[in-house]
1. Can you work out the FRET efficiency for the pair SER119 and GLU29, with r the C-beta to C-beta distance and R0 = 22 Å, to the nearest 0.05?
2. Using only alpha carbon pairs under 8 Å that are at least six residues apart, calculate the relative contact order of segment 75-173 and give it in whole percent.
3. How big is the C-alpha Rg of segment 117-181 next to the rule-of-thumb value 2.2 N^0.38 Å, as a ratio?
4. For the chain, evaluate the Debye formula with one uniform point scatterer on each Cα (no solvent term) and list log10 I(q)/I(0) at q = 0.14 Å⁻¹, rounded to two decimals.
5. What residues of segment 76-112 lie in the reach of a label at LYS183, counting those whose backbone N is under 20 Å from a point 7 Å from the Cα along Cα→Cβ?
6. Considering the chain as a Gaussian network with a 10 Å cut-off on Cα pairs, which listed residue, SER289, SER25, SER94, attains the greatest mean-square fluctuation?
7. Bin by bin, in steps of 10 Å, what percent of the Cα pairs in segment 193-316 do you find, going until the bin that has the longest distance?
8. Give, to the nearest whole percent, the P(r) tail of segment 245-287 beyond 15 angstrom, counting all Cα pairs.
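The values are calculated or read from the model by the stated rules, or taken from the named source; none is laboratory data. Every value quoted in this text rests on a predicted model; they were computed, and no experiment measured them. Glycine also receives a Cβ, built like all others from the backbone with ideal geometry; neighbour counts cover every protein chain displayed. When the accessible area is computed, the model is the full protein with side chains, heavy atoms only, and any ligands, DNA or RNA have been set aside. Shrake-Rupley method; radii C 1.70, N 1.55, O 1.52, S 1.80 Å.
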Amino acid sequence: ISYIKTKAAGTILDIYPIAALTIGSKGEELTEMIDLHYGGAVAFSDGNKPVWHSDVLYKALQYIQTFGGLLIEHAEDKYLTMGGQMNEGKISTSLGLKGIPKISEELIIERDLKMLEYSGGRIHFSHISSPKSLDMIRSAKRKGLNVTCDIAVYQLVFDDSQLIGFDTNLKVNPPIRAKEDLKYFWKAIEDDTIDVIVTDHNPQDEESKNTEFDQADFGMIGLETAFAAFNTFNRDIKLEKFVEKVTIAPRKILKLDLPKIKEGEHANLTLFDPDKEWIFSKENIRSKSKNSPFIGKKLKGKVVAVFNKNKYLLNV
């Protein structure tokens, strides 16, 4: 953690490390969470691996209460998703690809919420992709449980019918769901069941994507297109709500200070033009990886500058 924070100090970025919840992210033995917390970790997670061991989950939720910590969970029953390639449904059947069922996510969320009610603590569910998952989270919030969640931008934009062309850049985990699910996701943003919108930025090298669909790795990049994608496909959500869900809400959940737009304060600002139309190309991508389904697509809305730590970056 110290190395990462030192490395980031000289850049325009603010980096807040999330520490592993278990040693080797194997889900078997808790890490030295208190030391990691005081070392600068803002939360604990095993990344794209769920906490499969119920007793470890129970002990983790008890342990983090001693310092007000946060557990971030990727809800996925790996035994139900093993070998899965895309959303389970009519499209996966017609394409002859093994599906990833929503119940694999829902079972973990149901278990975790019951454990949270029993033990106390805080859980944030990352990359939600099921309406039933959102129903359970909404109900848990009404009960007063300390639970939050996020959704990836691509879940608001794409549906599984767009995988008919076998574009490996659309192969993500959790998978892009059915067209009827998108409407529900947008409603969950409007009513604040979904607290945060994330990029799920997952860069892959060319070899892992330029192959047969069932051999390709999961993931797409999304940092540079997150705002434009939301803005282009927005379903009548006020822009202020999007800004709140990518800036204010994450900081509140992670207990980070909110930057102030005030004379005498250090500028920490992103300048964007919501009306600018542009074609996203490989030349726009600063990432070493190019695995984006938006290449060649016309988008509306563009980030044009970033100001932070007495530095600025232009993107015109």
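1. On the way: r = 18 Å, r/R0 = 0.83.
Calculated value: 0.75.
2. Once divided by the residue count of segment 75-173, the mean separation gives 26 percent.
3. With N residues counted in segment 117-181, Rg over 2.2 N^0.38 Å equals 1.36.
4. -1.23
5. Only 88-91, 102 pass the distance filter.
6. So, out of SER289, SER25, SER94, the one fluctuating most is SER94.
7. 11, 35, 36, 16, 2, 0
8. Roughly 66 percent, rounded to a whole number.
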